[in-house]
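So the structure is just underneath, and the comments pick up after that.
Just so it is clear, none of the values below were taken in a lab; they were calculated from the coordinates. As the structure is a prediction and not an experimental result, all values here were calculated from the model. Cβ sites come from the backbone with ideal geometry, for glycine too, and all protein chains shown count toward neighbours.
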Amino acid sequence: MLHELFIRNFAIINKLHLELAPELNVLTGETGAGKSILINAVEMLLGGRGTSDLIRTGSEEAVVEAVFTVPDLPSMSEILDSFDLVAGDEVLIKRVLLRSGRSRAFINGSPATATMLGRLGEGLIHIFGQQHHQGLLRAETHRELLDQFGGLEGVVERLGNMHRRMTSIRTRLHETEAHRLKIAQRLDLLQYQVEDIRRAALGPNEEADLQSQKTVIQNTERLVQEAEKGHRLLYAESGSVVEILSTINEGLRWAAGVDPTLRSRTEELEAIIYRLEDIASDLANYSTRLEVDPGRLDEIEERLAEIQKLKRKYHCASAEELLNLLGGMERELEELDGTTLQEDSLKDELVSIERELAAAADDLSRRRRDAAEEMMNQVERELSSLGMERTRFIVSLHSRADDTGEKTPGPAGWDQVEFLISPNVGEEPRPLIRIASGGELSRIMLALKRILAGMGAVPTLIFDEVDAGIGGGVAEVVGRKLLDVSKRHQVLVITHLHQIASLANAHYRVEKVVEGGRTLTRVTRLGDKERVDEIARMMGGVKITDATKRHAKELLERK
């Protein structure tokens, strides 16, 4: 709620500090004293447009500040999170209007935009008056008020979640369909390429093995020569390495018989001789096994040429890269094959969610029609007690599909809701936003707030000209209803009626005075004696008698 309001150099307000009560606050004063300036200041504070002509003459800037308690309600959580605020915290909002026409805004000392102020303000204050019927002048608010009255907010939220899910499925399906041709083309290409590479039947390390075989075949003659030479030198000819080592070993065996410490060396040398004999044998076998096969060389070169062709075709540096490419293509094929299945699944899911959404919207429409009947009856009773006895109030519902041809409901269901009124007997009900006067709108909003008391989330309500065109007993009824609303909301009322002013928890007098040759607006919170005088002024006009004061005192005591 609004705790304190500070205004400086705004219009004819020089300096003002206003502390508000948590329940019913009234502002009274002569016409032109500056009551509407306070409303303008609050509007600008909460994101409204400010122009340089609102700055007091001789000043370079106008400043409006206010201290609020932010309500701990789900509707404010998103806004609070975006501003790093905690529900229940006191929040200081400041707006500075510069002579250049520009402005600066702050929330708890941090810079803010007018848009941020507007978002925060929507959850803090509603202003209702001749020029301030934001809610009733927006048809979408009519639906919100009906849903609030019928306790349907949770149903609407669930339906909205379903609609978002449906929209998401439609988007994904549209993207899938839009890419279907590209997917088909890609599938054809991949299938061809996969089969092309698969036909080559590449084996792991095949290319390296073939290259090795080719090199061996090309060097067969030299390989045989080297193997035979190794066999001769190691073992086969006189004076071979094995013969020489065997002679040495015979001498060492005699020496080991004399000196046993040489035995280990003898054994090592014998092992070397045996190993050299094995190597010589292997070289002999190798030279006889290795044959020149020109046909095999042709086969290898043909196979390597096939692999090389595939490498060039698919821009791969090796056969291993080709195999990796094949694996990636096979995986992509599986995914693209799955896309077709996904499209079918999405279509089935879309049909299901559309059917579910339509059923939920049908149920919501039935509930809204029931709520609309009860709402019309209650609002008409309230309006009757507010001096609009013969006014008919109609909650009109018609389907979006009637106008748009939509086959599926919107995020809030099928219904478009609009309030209609017929202020005079025999007249056809017409849209509220086109024919209601400022005073009528204020009283209709008061009636709605009265029947919705306790349901609304906005903590502070400001009523301007709620008393337009009424008086007598109706004025007291209006005051009592405002007092009733103030049990659940902080209420600020600008009024000319003593019946309403006498019911306030806090009473402020707005007056225009001249100080130092300058006109300015002053706002004073009245004590008991000052309230008697102000109520008497509102009752008695120019001449205030003792009887008028006694009557004013009786009114205040009765309250």
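Between residue 462 and 126, 127, 128, 492, the built amide H atoms are under 5 Å apart, and every one of these is 5 or more places off in sequence or on another chain. With the convex hull drawn around the C-alpha atoms of segment 257-370, the volume per residue stands at 315 Å³. With respect to the chain, whose longest principal axis is taken over its alpha-carbon atoms, helix 139-150 is tilted by about 90°. Determine, at each q value in 0.11 (inverse angstroms), the log₁₀ of I(q)/I(0) that the Debye formula gives when each Cα of segment 166-234 is one equal point scatterer. Results for segment 166-234 at q = 0.11 Å⁻¹ read -0.60.
The packing ranking of peptides 322-330, 199-207, 374-382, highest mean first, is 374-382, 322-330, 199-207, where packing means the average number of other beta carbon atoms within 10 angstrom of each residue. For the listed peptides 17-26, 41-50, 280-289, 294-303, a ranking on the average number of other beta carbons within 10 Å per residue, highest first, reads 41-50, 17-26, 280-289, 294-303. Rounded to the nearest 5, the antiparallel percentage of DSSP beta bridges internal to the chain is 75%.
For the pair residue 158 and residue 205, the difference between a 0.36 nm per residue extended length and the Cα-Cα distance amounts to 10.9 nm. In the chain, the DSSP-assigned H stretches of four residues or longer account for a calculated mean residue ellipticity at 222 nm of -18500 deg cm²/dmol, using -39500 (n - 2.57) per stretch and the full residue count as denominator. Here r is the Cβ-Cβ distance between residue 363 and residue 104 and R0 is 45 Å; the resulting FRET efficiency, rounded to 0.05, is 0.35. Put a dot 7 Å past the Cα of residue 174, heading toward its Cβ, do the same for residue 347, and the two dots end up 1.9 nm apart.
Protection proxy ranking for 495-501, 139-145, using the average of other Cβ atoms within 10 Å per residue and placing the highest first: 495-501, 139-145.
The angle separating the long axis of helix 294-313 from the principal Cα axis of greatest extent in the chain is about 10 degrees. Each label point was placed 7 Å from the Cα along the Cα-to-Cβ direction; for residue 270 and residue 182 their separation is 8.0 nm.
The fraction of all Cα pairs in the chain landing in successive 20 Å bins from 0 to the largest distance is 15, 29, 17, 11, 11, 11, 6, 1, given as whole percents. Compute the acute angle (0 to 90°) between the alpha-carbon long axis of helix 180-199 and the principal axis of greatest extent of the alpha-carbon atoms of the chain; round to the nearest 10°. The angle comes out at about 10 degrees. Placing one equal scatterer on every Cα of segment 184-335 and applying the Debye formula, the log10 ratio I(q)/I(0) at q = 0.10, 0.11, 0.17 Å⁻¹ is -0.62, -0.67, -0.97. Karplus-based coupling profile of segment 520-525, in residue order and whole Hz: 8, 9, 10, 10, 10, 7, with θ = phi - 60° in 6.51 cos²θ - 1.76 cosθ + 1.60 and x standing for Gly or Pro.
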